Amino acid sequence: MKHLRVINSILKDKPDYYALYSTAFINQLESADVRYKTVEQYDKDTLKKLILLGVKTVVAIESRKKDKDSLTLLFSIISFVNSLMELLTPREFETIFPIDKVYDGERWEMKDYFYTRKYIEEFGIDKIIGKDIDEFLWEYSNWTIGFYLVEQTGVASDLRKLETGKGIMEEFLEEQGGPTYSMYEGVDGKQYIENRQTGEVSEVKKPRPRYLRVVENEK
């Protein structure tokens, strides 16, 4: 008879990408501050390095602190990186973050290579992005930029929640008449999620850690 049992496999340490990228970002920024008085004077190579390292730093944050000081600092970093992106043209931006080679976006009603290429052609491939940076990033098809935007939206939402008690998505859903949820920890140590409209409560089921694996035990 076969029985299944769970055993612990070897848990490998992974690099602290946030520490690596943030350190490199700060070093590059300090070096630039020595050579230039303003960001507008940065040469293109310096701009591209700072943008790449800044985006990688933000994306590498697996969990962010929810206190106001930490969120404000992270939002300041994102705002600074976006201000650097404003100084580039789409052609220059693409050398840092190439458009994803995904070509079936129309079928799935999502952004793809052709969608982004068309947007850039209409925008102007050699036109400075400037204050259109927010729209440009949302229209751009690149996985790293996608994760960066998710983090950017999350930070802005967390800051909004500290001020109003509700995040950006919660406010939007309430305006649209959709349900919103709250998560809390019970006295039993388990996490629960509550539907704010109906009061319905359900336990949060956590997935098994990746380093636990199931093996067959023959008897």
Problem set entry | ³J(HN,Hα), Karplus 6.51/-1.76/1.60, whole Hz, each residue of segment 33-39, x for Gly, Pro | 5, 6, 8, 10, 8, 9, 5
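Taking a 24 Å limit on the Cα-Cα distance, which of the listed pairs 65/161; 14/101; 66/131 fall beyond it?
On the way: 65/161 13 Å; 14/101 28 Å; 66/131 28 Å.
Those over the limit are 14/101; 66/131.
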Exercise. For all pairs of alpha-carbon atoms in segment 37-110, what percent lies in each bin of width 5 Å, listed from the first bin to the last filled one?
Worked result: 3, 13, 20, 18, 14, 14, 12, 4, 1, 0
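Working with all protein chains in place, sort 158, 16, 132 by solvent-accessible area computed with a 1.4 Å probe, largest first. List each step's numbers first, then the result.
On the way: 158 25, 16 95, 132 60 Å².
Descending order: 16, 132, 158.
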For this session: Compute log10 of I(q)/I(0) for segment 97-161 with the Debye formula, placing one identical point scatterer on every Cα and leaving out solvent, at q = 0.14, 0.19, 0.20 Å⁻¹, to two decimals.
Result: -0.47, -0.79, -0.85
Exercise. So between residue 156 and residue 76, what do we pick up on full extension, going 0.36 nm a residue minus the alpha carbon distance?
Worked result: 27.7 nm
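Can you tell me the FRET efficiency between residue 138 and residue 62 if r is taken as the Cβ-Cβ distance and R0 is 25 Å, rounded to the nearest 0.05? Show your work: numbers first, answer last.
Numbers: r = 23 Å, r/R0 = 0.94.
That pair, residue 138 with residue 62, gives E of 0.60.
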For this session: Report the calculated FRET efficiency for residue 69 and residue 114 (r = Cβ-Cβ distance, R0 = 45 Å), to the nearest 0.05.
Result: 0.55
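Tell me, what is the FRET efficiency for residue 86 and residue 125 to the nearest 0.05, using R0 = 22 angstrom and their Cβ-Cβ distance as r?
Details: r = 16 Å, r/R0 = 0.73.
In this case the efficiency is close to 0.85.
The values are calculated or read from the model by the stated rules, or taken from the named source; none is laboratory data. Given the structure is predicted, the values throughout are model-derived calculations rather than measurements. Every residue, glycine as well, gets a Cβ built from its backbone with ideal geometry; the counts of neighbours run over all protein chains shown. Surface accessibility is based on the protein's heavy atoms, side chains included, excluding ligands, DNA and RNA. Shrake-Rupley method; radii C 1.70, N 1.55, O 1.52, S 1.80 Å.
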